[in-house]
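Remarks on the structure that follows.
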Amino acid sequence: MHNTLCNCIFIIKNMLFLAVFTMSVPVSAKEGMCLAPALKSREADMKAMGLKIPIDKIYNKSGTGLNNAVVLFGKGCTGEIISSRGLVLTNHHCGYSPVQGLSNPAHDYFANGFWAASASEEIPCPGLTVTIVRRMENVTGKILKGLSDTVHNAWRDSLIAARIINLEKEYRQITKLDASVKPYYYGNQYWVSLTETFRDIRLVGFPPNSIGNFGGDVENWAWPRHTGDFSMFRIYADSNNKPAGYSKNNKAYTPKDFFVINAGGYKEGDFTMVYGFPGTTQEYISSAELKHIFSISDPVRIEARTKKLEIWDKHMNSSRDIFLKYTSKRAGVANGWKKWQGELRGLELNHVMEKKEAYEKDFQLWAAKNNTLPYAGDLLTKIKNNASLIDSVIMLDEYTKETVLGIELIQQSAYLERILQCFRAGLSKQALQDTLKKTLAGLKPLFKNYDAPTDKDLFQNLLPLFFRDCSAWIPSYYQKRFTKHEGNFAEWADAVYKKSFMANEDKLTSFADTAQLADSTFILSDPGWKLFTAINELRKEKVAPQLSAYYKEQHYLDRLYMKSQMTKDKHKTFYPDANLTLRLTYGKIQGMDPEGPETYSYQTNIDQLMAHENPDVDMFKVPQKLKELYTQKDYGSWAVKGTVPLAFIASTHTTGGNSGSPVLNAKGQLIGTNFDRPWEGTMSDLYYDPRLCRNISLDIRYTLFIVEKFGNAGWLLDEMKIVK
């Protein structure tokens, strides 16, 4: 009830704000996520805006730039090295998954936080990696040599794939670094990233959720923010300072560079940069492709996840054990859920579809007169025709992923197919049991964070959405079970969760311990396996072939359309869409409405945090120790005019993947950690509007205050280089 009320108030407030905002804010935002090696082309503009260091300090061919202090954290976040001993700062929500793997009721790091009192107390995080880009090189000529733009067949794709494999191998042999070649501008350019990936990463500091996730869903994708969204880890390396798997003999990594921390603050209008690994943008797609997102994908995802979050919240609020099992999963689901709502809102308010269509009319006029690219004239017609044929399949695919495969028992029953393969391998009885035990070991993490009654509730609430809107595609097995249970999804759920191995780890383990060669019949009759197999066959036979054909054709058309746009607007500065490779974006510290009410200024502080405290609502509870520090004004050296700066907002262009990115001042010094965007501006993944595009960052002074005063981990500050 509280969540619903808060979200309604939030939406109304932002609608009123936007009406004022769009009429009054002076614009100084800068569109673009620049490739690090291409920064030289932006140097004049960056210096005009306030940059005070040479571009070569940020990135250079010799590999001695600040890129050595930026890390790809895990598989989809950014972090920054902030000490000579490999200390990494990133977001709290980026640390959620590894910390969940370390947490249990006896060590509830989400409720209590974690602070190592010394290096010996730092906790290894199995599976967590950080990757550092040493340098990048343009290899377009080597990949596309001799290939015409309009060649469109499997031979071209196979040749490019082979060239990429061979080139990566060549770079690895010569440089002794990892090498990854990726396409840019829809395959009109290719760059190689030369990297090192470290595999021994240890948890150092993690605030409790009451700090790191303060405000919950209500403040997520919103400004103002009061969330202490940070966590700290450390990179360990072998005796040669090289990447290695975990070993007690490993030493703290000595980085080639690390960020100097500037605790002197900033003011509105100051130049700022964000360095990191933005994940995905689609700035140059056609109106036909945008329609898929606007009219199909986002609405389906929002509806399904609204129901899923409602169910999860009910069960998580009833049990701390269930909360710990689902908190990381919930954070991921909720993040997309709210982001897509803001994306739709921003697209509507900006009339982006109409703007795309207007641009395309202008493009057609240009194409009709253009002689250099004869294929440009009918590109948009082909794109529109190709897109129109796939609408129903995209809807089916989204519903399948969000509803049917959003049910963990069905999704995880894919493991039963692996178990079935063990029976089909013709093993002896003992070999079969040994193999099954090894296979089940991989299921331990899944069951650790799984609650069957919660998932059962999802089953009976999500499947009705699939049956309602995908009636023409319902697999026959689903239809038969639906008929058998007379349309009663609760009764159907009872039958499934009572019998399926995937609802009971003990039952599955017992089966594996005593399995006979003929016992494959138990898997074949498992309702979870049948549900997974039926939907998987539908996807393989009906969905995947059509989507594959569509995306293959669309990739070809988008490549030509991208080249045509760059030819048409040759004086425009194009930047490649984000693809989780190293980028830098820049702008200025700038509030959402600097001439309006204080709540929309460019900075928040601890006083405003305390004004939002509500001990009766979990997401607005403040830890007792933080309240005591606030009451006593015990802020140490992090006080500014009687308070502690908490978060700030700037006009840099960011997206998913930039979570945890270092936010730098004009001297390249760390002033904060990027963690969010206001929801009105999340449409910047598809369309950039300088009036709305903002990034939200945690002030480094609040981070240091929490580490020293709340976490009693002042020893960490001793290894940092802090200036004012």
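The values are calculated or read from the model by the stated rules, or taken from the named source; none is laboratory data. Only a predicted model underlies this, so the values are computations on that prediction, with no experimental measurement involved. Cβ: placed from backbone, ideal geometry, glycine included. Neighbour counts: every protein chain shown.
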Inset, instruction - Among the candidates Phe482, Phe511, single out the residue that is among the aromatic types (Phe, Trp, Tyr), more than 28 Å from the chain's Cα centre (by Cα), surrounded by 13 or more Cβ atoms within 10 Å (Cβ to Cβ) and at pLDDT below 95. - result: Phe511
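Asn674 - would you say it is buried (at least 24 other Cβ atoms within 10 Å of the Cβ), modelled with pLDDT of 95 or more and of a type outside the set (Ser, Thr, Tyr)?
Values: buried (at least 24 other Cβ atoms within 10 Å of the Cβ): yes; modelled with pLDDT of 95 or more: yes; of a type outside the set (Ser, Thr, Tyr): yes.
Yes; evaluated as a whole, the condition is true for this residue.
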Inset, instruction - Scan segment 697-724 and report the pairs whose first residue is over 21 Å from Val663 (Cβ atoms) and whose second residue is modelled with pLDDT of 95 or more and in a helix (DSSP H, G or I), with Cβ atoms within less than 7 Å and a gap of 6+ or a chain change. - result: Lys709/Leu629; Lys709/Gly636; Phe710/Lys625; Phe710/Leu626; Phe710/Leu629; Ala713/Val707; Gly714/Glu708
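Does Met316 meet the test of being closer than 23 Å to Thr682 by Cβ and not small (Gly, Ala, Ser)? Steps first, please.
Details: closer than 23 Å to Thr682 by Cβ: no; not small (Gly, Ala, Ser): yes.
Criteria not met by Met316.
Yes/no matrix, rows are residues, columns are (1) modelled with pLDDT under 95; (2) surrounded by 24 or more Cβ atoms within 10 Å (Cβ to Cβ); (3) among the aromatic types (Phe, Trp, Tyr):
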| residue | (1), (2), (3) |
| --- | --- |
| Glu598 | yes, no, no |
| Leu609 | no, yes, no |
| Asp616 | yes, no, no |
| Val622 | no, no, no |
| Ser637 | no, no, no |
| Lys641 | no, no, no |
| Thr654 | no, yes, no |
| Ser659 | no, yes, no |
Inset, instruction - Select the helices (runs of 4 or more DSSP H) contained entirely in segment 90-203, then report the ones holding at least 1 residues which are under 24 Å from Thr64 (Cβ atoms). - result: 154-175
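Just one of Gly342, Gly406, Gly336 is closer than 30 Å to His92 by Cβ and outside any helix (DSSP H, G or I); which is it? It would help to see each step written out before you state the result.
On the way: Gly342 fails: outside any helix (DSSP H, G or I); Gly336 fails: outside any helix (DSSP H, G or I).
Sole residue among the options that is closer than 30 Å to His92 by Cβ and outside any helix (DSSP H, G or I): Gly406.
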Legend entry - Candidate set from segment 428-443 (those that are in contact (Cβ under 8 Å) with a residue 24 or more places away in the chain and loosely packed, with under 12 Cβ neighbours inside 10 Å); member that is farthest from Glu417 (Cα to Cα): Lys429
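Any chance segment 554-562 includes a residue that's more than 28 Å from the chain's Cα centre (by Cα) and modelled with pLDDT of 95 or more?
The initial filter retains those residues of segment 554-562 that are more than 28 Å from the chain's Cα centre (by Cα), namely 560.
With modelled with pLDDT of 95 or more added as a condition, the list becomes 560.
Yes - at least one qualifying residue is present in segment 554-562.
If you go through segment 48-89 one residue at a time, how many are assigned to a loop (DSSP other than H, G, I, E, B), hydroxyl-bearing (Ser, Thr, Tyr) and crowded, with 18+ Cβ neighbours inside 10 Å?
Let us first name the residues in segment 48-89 that are assigned to a loop (DSSP other than H, G, I, E, B), namely 50-54, 59-65, 74-76, 82-86.
Add one more test, that the residue is hydroxyl-bearing (Ser, Thr, Tyr), and what stays is 59, 62, 64, 83-84.
Next, from what is left, pick out any that are crowded, with 18+ Cβ neighbours inside 10 Å: 59, 83.
Residues flagged as assigned to a loop (DSSP other than H, G, I, E, B), hydroxyl-bearing (Ser, Thr, Tyr) and crowded, with 18+ Cβ neighbours inside 10 Å within segment 48-89 amount to 2.
Would you tally the residues in segment 253-303 being in contact (Cβ under 8 Å) with a residue 24 or more places away in the chain and over 19 Å from the mean Cα position of the chain (by Cα)?
First pass over segment 253-303, keeping only residues in contact (Cβ under 8 Å) with a residue 24 or more places away in the chain: 253-294, 296-303.
In the following step, the residues that additionally are over 19 Å from the mean Cα position of the chain (by Cα) were identified as 253-273, 284-292, 294, 296, 299-300, 303.
The number of residues fulfilling the criteria is 35.
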